[in-house]
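Some notes on the structure that comes next.
The values are calculated or read from the model by the stated rules, or taken from the named source; none is laboratory data. Here the structure is a predicted model, which is why all the values come from computation and not from measurement. Here the Cβ positions follow ideal geometry from the backbone for every residue, glycine too, while neighbour counts run over all protein chains shown.
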Amino acid sequence: MTEARTRARASQHTADDTQRLGIAAALVLAVATALGLHALVSAPALREAAEAELARTIANEDRDVCGQFGVRPGTNAFVACSRELANVRRKQSDRDQAAAAGVL
């Protein structure tokens, strides 16, 4: 009789453990789904913020570098200076990409 009770308890514990594991798996799945959805929803805003920060950084660099040559913002010379700095950045980016591809 004690053996039957031991088996009943063992099977009861196994059922409880299985239920707990199922609940834990469901919670993990729910959290992973929520994080995935959050990433999908917030990605455009994060990308927009990163692009705005890059634009501010580039504008500050243009102002600093062109200013070192006595070129003030708001002038035609500043526009030309900024355009040339953009060309320098583009060429450097092209070189970096070629180096990463193993061309250089």
Exactly one of Ala26, Ala52, Ala34 is surrounded by 10 or more Cβ atoms within 10 Å (Cβ to Cβ), among the aliphatic types (A, V, I, L, M) and over 22 Å from the mean Cα position of the chain (by Cα), and that residue is Ala26
Checked the stretch 55-67 for anything surrounded by 12 or more Cβ atoms within 10 Å (Cβ to Cβ) and under 27 Å from the mean Cα position of the chain (by Cα); matches are Ile58, Ala59, Glu61, Asp62
Just one listed residue, out of Ala101, Ala80, is of a type in the set (Gly, Ala, Ser) and either touching a Phe, Trp or Tyr at 6+ places or on another chain (Cβ under 8 Å) or at pLDDT 95 or above (or both), and it is Ala80
Among residues of the stretch 68-79 being in contact with a Cys (Cβ under 9 Å, 6 or more places away or on another chain) and either part of a helix (DSSP H, G or I) or at positive phi (or both), the residue surrounded by the most Cβ atoms within 10 Å (Cβ to Cβ) is Phe78
Log entry, pairs with first residue in the stretch 43-63 being without any contact (Cβ under 8 Å) to a residue 40 or more places away in the chain, second being surrounded by 10 or more Cβ atoms within 10 Å (Cβ to Cβ) and among the polar types (S, T, N, Q), beta carbons closer than 8 Å, six or more apart or on different chains, reads Asp62/Ser82
